[in-house]
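Accompanying notes for the structure given below.
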């Protein structure tokens with residue numbers, strides 16, 4: 001019963017991260033934080049699933065490597081956007097700039 005409750009709470013937290021990601025936000029930082037939130041709960045679900053079937057946990061380390069790479073790329077985009085535009089608002093970011 002307790003494990004089912006934990007699983008439901010993890011799925012709810014993941015879905016709340018998707019909701020924040022899909023809703024219209026002004027700042028790029030909020031979007032990046034919601035992505036990292038979803039990555040964290042996906043990692044918890046992966047650990048739960050691998051532990052339930054008694055698999056080895058080396059797959060979770062590979063997942064963490066890709067998650068760290070995704071986070072560093074997001075921070076690089078954020079820093080380059082702040083340096084070029086002065087803020088992280090989506091309204092000031094125009095892709096087709098002449």
Does the stretch 24-39 include one or more residues that are out of contact with any helix residue (DSSP H, G or I) (no Cβ under 6 Å at 6 or more places or on another chain), at pLDDT 85 or above and in a loop (DSSP other than H, G, I, E, B)? no
Say whether the condition of being under 16 Å from residue 68 (Cβ atoms) and surrounded by 15 or more Cβ atoms within 10 Å (Cβ to Cβ) is met by at least one residue in the stretch 10-17. no
Looking at the stretch 87-94, is at least one residue touching a residue at least 60 places away in the same chain (Cβ under 8 Å), assigned to a helix (DSSP H, G or I) and more than 12 Å from the chain's Cα centre (by Cα)? no
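The values are calculated or read from the model by the stated rules, or taken from the named source; none is laboratory data. As the structure is a computational prediction, the values presented were derived from the model and not from experiment. We place every Cβ from the backbone using ideal geometry, glycine too, and count neighbours over all the protein chains shown.
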